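The values are calculated or read from the model by the stated rules, or taken from the named source; none is laboratory data. Because the structure is predicted, anything quoted here is derived from the model rather than measured. Cβ: placed from backbone, ideal geometry, glycine included. Neighbour counts: every protein chain shown.
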Amino acid sequence: MNSILNKSLQLINKKWISRRMSLLTECITPELKAIEAAGTWKKERIIASPQRTRITLTNGVEALNFCANNYLGLSDNKEVISAAKLALDKYGAGLSSVRFICGTQEIHVELEKKIAEFHGREGAILYASCFDANAGLFETLLNSEDTVLSDELNHASIIDGIRLCKAKKHRYKHRDMEDLENKLRDSMSSRLRLIATDGVFSMDGTVAPLLKILELAKKYNALTFVDDCHATGFFGNTGRGTEDYFNQLGSIDIINSTLGKALGGAAGGYTTGKEELINLLRQRSRPYLFSNSLPPPVVASANKVMDLITNTTEFLDRLKSNTDLFRNNMKAAGFTISGDNHPICPVMIGNARLASEFADKMIEQGIYVIGFSYPVVPKDKARIRVQISAAHSRNDIEQAVNAFVRIGRELEVIN
Ligand SMILES: Cc1ncc(COP(=O)(O)O)c(C=O)c1O
C-alpha cells in the first residue's frame, strides 16, 4: 500500500517538475532566440593549454594569442606557478570560510600589504574579484546624502556597484569634462561627491582625462575613484597605473583593480586607499563579508607577481616596445588603430560582418583575435581588439601584422 502511494506521489512530483521546467523554457527561449537573431551570441572558443602567447586549441591547432589581458605575460610565468604550487602544499586548496570567520592566512595579509605599498597607499583589501570590489564599494561608502558621478561608459561592475548604493546618481557623457563639471555644480549640497571612472576604457584603449578630473575634484571638493583593471602593473612610467601615466602618483582617492589581468591573471580584486576606508570596507562591504577568501595558490601567485614587478620595469619596458612596434607597423600599413598608446589596440574595421569575417580569417591563419561589434561598441565602429603582451616576441608581432596586411588587402580594408 505504502509503495503504491509513494509511486503515485513520485509521479505527481515529476509532473510538477516537468511543468515548472517547461514554464522556465517558455520564458527563456524567446530571449535566447533574440540574442541569436541580433547576432550578439557569444561563442566560447575552448583552449587546451595554459593562458600564454602561444595557445593550443582543442583541435590541436596552435595559435598566437592576441586577445588576453595577460599584459605582462605572467599568467604562465614559471616562478608564479611554482609559488602557487608551494602554497597549495603549505596552505591547502582553500579556506572554506570568509575572511573574518577563519579565512585569513598570513599570505592574505602579506598580499594586502604589498598591494598597498605598490600603490603607495595606507591599506588594501582583497576581494574574490574586482567585480566584487566594485560591487562592495559604493554601497558601503555612500548614503542618500551623497552623489556619485560616473562616466557613461564605465565598466558593468561599476554600474552595478553604483546601482546598489543609495546616493544620487549622475552619468556624465563619456570623458566629457564640461558635462562632469555641470553635474558637480548641481550637486554642491551633497555631503560627499564621488567621481567614478575607468582608468583605461577597455573597448577603446583610451585613458580617462585624469588631470582634468583631478582639477574638477579639487575645485568642487569631490572624491575620485578609478577602476584601474586595464592599467595596474603595466601602465605609466613604473606600472602604477593611470595616475602614474599622468605623473600624478598618490592623487586618486580610491583605486580598485584586479589580479585577474596583468597581475598573474588568476583571480581576485582589491580596493586600495586610506586606512579608515579599508577598515570600513572590512566591516561593511558585503562581497567581502559574505564571500569566501581567495584560495591560497591564487594569493601566492599574486604575491610572487608583486615581488616580480615592484622593483623593476623589465616587463613593462618589453610591453611598451611591443605595443609601439604593433601600433607603428599597423599604422604604416594603412590601418586605423584607436586608443592612447595602450597595449589595447583596437583595429578599426567599421562594418560588423566584415570585422567578424576578418577575425575568423585571422584565426584560420593562426592569429587568435576577436571582433567586437554593436552593442558592445557603437554601430559602424566594429573592430578587432588586439591586446599586446610583454611575452610576445618581435617575431610574434610581425607575424600578426603580416596576417592583418594579407587579410586587410584581401577584404579591401586597406590598399
Ligand atoms: C574595467 C574593469 N573593471 C572590473 C573588471 C572585473 O574584474 P574581475 O575579472 O577581477 O572581476 C573588469 C574585467 O573585465 C574590467 O575590465
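Here are the numbers:
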{"item": "Candidates 361, 379, filtered to the one that is over 21 Å from the mean Cα position of the chain (by Cα), under 23 Å from residue 206 (Cβ atoms) and charged (D, E, K, R)", "result": "379"}
{"item": "Of all residues making up segment 225-276, the number that are assigned to a loop (DSSP other than H, G, I, E, B) and of a type in the set (Val, Ile, Thr)", "result": "3"}
{"item": "Any pair with Cβ under 9 angstrom, 6 or more apart, that starts in segment 121-145 at a residue that is under 16 Å from residue 166 (Cβ atoms) and hydroxyl-bearing (Ser, Thr, Tyr) and ends at one that is part of a strand (DSSP E or B) and more than 8 Å from the ligand (Cβ to nearest atom)", "result": "144/168"}
{"item": "Residue that is farthest from the chain's Cα centre (by Cα) [pool: residues in segment 332-355 that are over 23 Å from residue 208 (Cα atoms) and without any contact (Cβ under 8 Å) to a residue 60 or more places away in the chain]", "result": "332"}
{"item": "Some residue of segment 383-396 being surrounded by fewer than 17 Cβ atoms within 10 Å (Cβ to Cβ) and polar (S, T, N, Q)", "result": "yes"}
{"item": "Long-range neighbours under 6 Å by Cβ, at least six apart or interchain, first residue in a helix (DSSP H, G or I) within segment 198-219, second within 12 Å of the ligand (Cβ to nearest atom)", "result": "210/242"}
{"item": "Residue list for segment 219-274, restricted to those being under 22 Å from residue 287 (Cβ atoms) and away from the ligand (no atom under 16 Å from the Cβ)", "result": "223, 253, 273, 274"}
{"item": "Search result, residues across segment 354-367 that are assigned to a helix (DSSP H, G or I) and either more than 30 Å from residue 232 (Cβ to Cβ) or out of contact with any Phe, Trp or Tyr (no Cβ under 8 Å at 6 or more places or on another chain) (or both)", "result": "354, 356, 357, 358, 359, 360, 361, 363, 364"}
{"item": "Residues being touching a strand residue (DSSP E or B) at 6+ places or on another chain (Cβ under 7 Å) and either among the aliphatic types (A, V, I, L, M) or not in a helix (DSSP H, G or I) (or both) - total across segment 326-353", "result": "18"}
{"item": "Search result, residues across segment 123-148 that are farther than 7 Å from residue 269 by Cα, within 16 Å of the ligand (Cβ to nearest atom) and either at pLDDT below 95 or touching an Asp or Glu at 6+ places or on another chain (Cβ under 7 Å) (or both)", "result": "124, 125, 134, 135"}
{"item": "Residues of segment 134-145 that turn out to be closer than 17 Å to residue 276 by Cβ and surrounded by 21 or more Cβ atoms within 10 Å (Cβ to Cβ), as a count", "result": "6"}
{"item": "Sole exception among (1) under 25 Å from residue 45 (Cα atoms); (2) touching a Pro at 6+ places or on another chain (Cβ under 9 Å); (3) buried (at least 22 other Cβ atoms within 10 Å of the Cβ) for residue 369, by number", "result": "(2)"}
{"item": "Hits in segment 172-197 - residues which are under 22 Å from the mean Cα position of the chain (by Cα) and away from the ligand (no atom under 16 Å from the Cβ)", "result": "172, 173, 194"}
{"item": "Residue 278, sole failed condition from (1) more than 16 Å from the ligand (Cβ to nearest atom); (2) under 23 Å from residue 78 (Cα atoms); (3) surrounded by 19 or more Cβ atoms within 10 Å (Cβ to Cβ)", "result": "(2)"}
{"item": "Hey, residue 119 closer than 30 Å to residue 282 by Cβ and over 21 Å from the mean Cα position of the chain (by Cα) or not", "result": "no"}
{"item": "Positions within segment 198-214 being more than 10 Å from the ligand (Cβ to nearest atom) and over 18 Å from residue 68 (Cα atoms), in sequence order", "result": "207, 208, 209, 210, 211, 212, 213, 214"}
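Listed here are the residues, each with its yes/no results for (1) touching a Leu at 6+ places or on another chain (Cβ under 9 Å); (2) surrounded by fewer than 17 Cβ atoms within 10 Å (Cβ to Cβ).
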site	(1), (2)
124	yes, no
156	no, yes
180	yes, no
189	no, yes
192	yes, yes
